[in-house]
Amino acid sequence: MPDAMFAHPRLAAVYDAFDGDRSDLTMYLAIADELGARHVLDIGCGTGCLAILLADSGRAVVGVEPAEASLQVARSKDPEGRITWLPGDAGDLPALGADLAVMTGNVAPVILSDADWARTLRGAHVALRPGGHLVFETRRPERRIWEDWAAGPALLTRDVPGFGQVEQLFEVTDVSLPLVSFRHTYRFLADGTVLVSEGAVRFREREEIEADLAASGYRVVDVRDAPDRPGREFVFIAERV
C-alpha cells in the first residue's frame, strides 16, 4: 500500500512543494538520450514530474502509479493528454514494447519485500521490448544516509498555493537493517489539520540487486554514481535479455 504522503489527496496535493527542485531528473533525460529511447515507462510516476519532462522532449510516455491521489495530481499537469496514465503497479503491466523503463528517487527502495521486488522486475521485463533497458537508483547501504536524516533539519515550512503555510516534520523511527522506517507529520496552519504518513525504505547491497536482475531476465550494462548525490547512490542500467 502506498504511504499516506502519496495516497492521501491533501498530502499528494502538497507533495511537490516539499520535494525540492528535482535536479535528479535530468540524469534520466540524459540516459534516455544516450540509449535512444523514444517510448518510456515511468514506474511509480507519482505526481508526474519526470513523465512531463519526458513528454516535453517529444517522447511517448506511460506513467504507472499505485496511489490514485498522486495520479490525479499528475493528470492535472497534462491537460493535453499526451501521457498514458495507468493506475496500479509494474506487476500489472501488459507488454508495451517500451524502449526504457525507469524508477526514480525512492521508487525502488520503497519496494520492501522480496516478492514485491521480484514482481516489479518481472513486470518491467514484460513491458519492455527485447533489448530495452531498465534504469533505477538505490541508496548505498555503506553510506548510512539514515544517520544524516536523523541529524538533519527535521522541520520544513512551505507556502503552498491553495493551502497556505504547511509544516512538515520528518523523524527516523526505526533502523532495523535492511529497513529504515520514518514518519512525516504535516500540519496545515490555515485550519490546524494534522496528517501523518508512516513509511520505510529498504537498503539493498549491490551484489543482491545484480543477482535479482539476472534472475529476472536482465543483463547489467552499467552501475553508475548518481551525479546529483555522488557517493550516496547506485544507478543501475540493465538490458532486457
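The values are calculated or read from the model by the stated rules, or taken from the named source; none is laboratory data. Quick caveat: nothing in here was measured; it's all calculated off a predicted structure. Here Cβ is always computed from backbone atoms with ideal geometry, including for glycine, and neighbour counts include all displayed protein chains. Ligands, DNA and RNA are stripped out before the accessible areas are found, and what is left, the full protein with its side chains, is counted by its heavy atoms. Shrake-Rupley method; radii C 1.70, N 1.55, O 1.52, S 1.80 Å.
Assorted remarks:
- Residue list for the range 167-200, restricted to those being in contact (Cβ under 8 Å) with a residue 40 or more places away in the chain and among the β-branched types (V, I, T): T193, V196
- R10 being in a helix (DSSP H, G or I) and either open to solvent by 10 Å² or more (accessible area, probe 1.4 Å) or at pLDDT below 95 (or both): yes
- Of the residues P109, P130, the single one that is modelled with pLDDT of 95 or more, out of contact with any Leu (no Cβ under 7 Å at 6 or more places or on another chain) and part of a strand (DSSP E or B) is P130.
- Residue tally, condition open to solvent by 20 Å² or more (accessible area, probe 1.4 Å), part of a strand (DSSP E or B) and not aromatic (F, W, Y), over the range 60-96: 4
- Residue, modelled with the lowest pLDDT, within the range 204-238, restricted to residues that are over 17 Å from A118 (Cβ atoms) and open to solvent by less than 10 Å² (accessible area, probe 1.4 Å): A226
- Residue count for the range 97-106, restricted to those that are within 18 Å of F236 (Cα to Cα) and part of a loop (DSSP other than H, G, I, E, B): 3
- One residue alone among A127, A154, A150 is touching a residue at least 12 places away in the same chain (Cβ under 8 Å), in contact with a strand residue (DSSP E or B) (Cβ under 8 Å, 6 or more places away or on another chain), of a type in the set (G, A, S) and open to solvent by less than 30 Å² (accessible area, probe 1.4 Å), and that residue is A127.
- Every condition in (1) modelled with pLDDT of 95 or more; (2) touching a Gly at 6+ places or on another chain (Cβ under 8 Å) is met by D3 except one, and the failing one is (1).
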